[in-house]
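K.L.:
Sending over a structure as structure tokens; questions will come in a sec.
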Amino acid sequence: MYKKLLFGTCLTEYCEHIFNFALNLATENKAKLWIYHGLGRLNASEDEIIEKIKEGERRVAEAYKNKLRSRGFTDYMINISNGDEVSEMCKLAKNAGMDAIIIGTSTSTPLEAGEGSTNASLGDKVSEILLKAPCSVIVVPPSLLPGLAQG
């Protein structure tokens, strides 16, 4: 049984079905859901970084709050960070005692023309999270047709 879940998003259309999976899993387990979005290493002043983090929070809220609200799900947090996304996500998972990290296979188009589902790459960040995560990692396969990823 999961009590704390961490969903990593890149805020692209390919994260929609991963979010649906994470929300369903959190609902079924009555778990708290952390929604994480990394900004990468920003080369900016402290004030600019704070503003970019606030903008990231607004973007994540815009992307997911309506779906959370429509499902009556209120036990969630939004986390935005400056720094290496994998390190920051793993640090959050460790510090918050996450039971699992939920991520997709890649941030690029799920299947390129002529590519089969058996030879698609996981992507560098996913591979690194699998090696460094302090908890279980649930990798959600791509939605072959993004429009079908309804929750």
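The values are calculated or read from the model by the stated rules, or taken from the named source; none is laboratory data. Worth saying up front: this structure is predicted, and the values here are computed from it rather than measured. So basically every Cβ, Gly included, is an ideal-geometry build from the backbone, and we count neighbours across all protein chains shown.
K.L.:
Which one of the conditions (1) within 22 Å of Val137 (Cβ to Cβ); (2) more than 15 Å from the chain's Cα centre (by Cα) does Trp34 fail to meet, given that it meets all the rest?
P.N.:
(2)
K.L.:
What are the residues in region 83-98 that are crowded, with 18+ Cβ neighbours inside 10 Å and either part of a loop (DSSP other than H, G, I, E, B) or of a type outside the set (Val, Ile, Thr) (or both), if any?
P.N.:
Within region 83-98, Glu85, Glu88, Met89, Cys90, Leu92, Ala93, Met98 meet the criteria.
K.L.:
Another question, if that's okay. Say whether the condition of being at pLDDT 95 or above and crowded, with 18+ Cβ neighbours inside 10 Å is met by at least one residue in region 66-75.
P.N.:
Yes; the residues of region 66-75 include at least one that is at pLDDT 95 or above and crowded, with 18+ Cβ neighbours inside 10 Å.
K.L.:
Quick one: what pairs do we get from region 30-55, first residue over 8 Å from Asn82 (Cβ atoms), second surrounded by 12 or more Cβ atoms within 10 Å (Cβ to Cβ) and of a type in the set (Lys, Arg), C-beta under 6 Å, 6+ apart or different chains?
P.N.:
Ala31/Lys3; Lys32/Lys4
K.L.:
Moving to a separate point now. Quick check on region 100-151: of everything there that is at pLDDT below 75 and in a helix (DSSP H, G or I), which residue is nearest to the chain's Cα centre (by Cα)?
P.N.:
Pro146
K.L.:
Next question, about the same structure. Scan region 57-82 residue by residue and report those that are assigned to a helix (DSSP H, G or I) and either hydroxyl-bearing (Ser, Thr, Tyr) or in contact (Cβ under 8 Å) with a residue 60 or more places away in the chain (or both).
P.N.:
Passing the criteria: Tyr64, Lys67, Ser70.
K.L.:
Go through region 5-55 and report how many residues are of a type in the set (A, V, I, L, M, F, W, C) and part of a helix (DSSP H, G or I).
P.N.:
Going through region 5-55 one residue at a time, the tally reaches 11.
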